[in-house]
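Taking it in order: structure first as structure tokens, then the write-up.
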Amino acid sequence: MDYISSVDELEGLYGKVGAPSLRKVARRMTPTYRKWILASRLCMLTTVGPEGTDDTPRGDDGPVVLELDPGTLALPDWRGNNRLDSLRNIVRDGRVSLMFLVQGSNNVVRVNGHARVTADQELRARFEKTTGKLPATITVIAIDEIYIQCARALMRAGTWNGQDHSQDLPKVGDILAEMTNGEEGGQPYDDAWGARAAATMW
């Protein structure tokens, strides 16, 4: 199999980029991009570090990020499994990308920028839930560019068509049992998951 080894060769296969694809790029929040991003409750955070790349979903029960100013976003880190893959990467290499999704829309909005992690109490308090819980840390993102992605990928996948394709998927307990030769996981793990998740959601 031959692989493409130059940008010129790659671009020759696709042709010239359309003007709208370049003109839609903003360097900071605008009224339309602000409305879109603050409607999103789910984003994908991509980071890069010495061990490679990492991509993780981040979700909330309201806007998934807070706008600190037109050039800066704040993303809370709610406690989870404490792997800290994304946060470790950011501490060592601040380059990040975010992809914002809004349920029902086949478009996504993408943000590329540079991030830092803070445990600043005042900023954490801005995300406080009614339960009194605060995020462990906040990722502060300086925006380099914002742009909207066309809808073709989500349309092809039928993302919001209301169908459930998950019935035959292995559960987390199945995967964990496989990876540990049965030492952990299995049905007991999955049975207990709901209570664990509810206790640590916020």
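The values are calculated or read from the model by the stated rules, or taken from the named source; none is laboratory data. Predicted, not measured: the structure shown is a model, and the values here were computed from it. Please note: Cβ atoms are built from the backbone with ideal geometry, for glycine as well, and neighbour counts cover all protein chains shown. Side chains included, ligands, DNA and RNA excluded: accessible areas come from the protein's heavy atoms. Shrake-Rupley method; radii C 1.70, N 1.55, O 1.52, S 1.80 Å.
With 5 Å bins from zero, work out the P(r) of the range 56-137 over every alpha carbon pair and list the percent per bin.
Binned Cα distances yield the sequence 3, 12, 23, 26, 22, 11, 4, 0.
Keeping all protein chains in position, work out how much accessible area Val48 exposes to a 1.4 Å probe, and write it in Å² to the nearest 10.
Counting only protein heavy atoms, Val48 exposes about 40 Å² to solvent.
Calculate one ³J(HN,Hα) per residue across the range 42-49 by plugging θ = phi - 60° into the Karplus curve 6.51 cos²θ - 1.76 cosθ + 1.60, and present them in order as whole Hz with x for glycine and proline.
Going residue by residue, I get 9, 9, 9, 9, 10, 10, 9, x Hz, with x marking Gly and Pro.
Calculate, for Asp8 and Glu51, the FRET efficiency according to 1/(1 + (r/R0)^6) with r their C-beta to C-beta distance and R0 35 Å; round to the nearest 0.05.
Computed FRET efficiency for Asp8 and Glu51: 0.65.
Mind ranking Arg27, Arg156 by accessible surface for me, highest first, 1.4 Å probe?
Descending order: Arg156, Arg27.
Quick check: the distance between the Cα centres of the range 126-158 and the range 36-70, to the nearest angstrom?
3
Suppose the Debye formula is applied to equal point scatterers at every Cα of the range 64-202; what is log10 I(q)/I(0) at q = 0.09, 0.21 Å⁻¹?
-0.41, -1.20
Enter the accessible area per residue of the chain (Å², integer; probe 1.4 Å; all protein chains in place).
67
What order do you get for 141-150, 112-121, 17-26 when each peptide is scored by the mean count of other beta carbon atoms within 10 Å, highest first?
Output ranking for 141-150, 112-121, 17-26: 141-150, 112-121, 17-26.
Where the accessible area of the chain is counted over protein heavy atoms with a 1.4 Å probe, how much of it, in %, is carbon and sulfur?
Percent of accessible area from carbon and sulfur atoms in the chain: 53.
If ligands, DNA and RNA are left out, what is the accessible area of Leu84 with a 1.4 Å probe, given in Å² to the nearest 10?
Approximately 80 Å² of Leu84 is accessible to the 1.4 Å probe.
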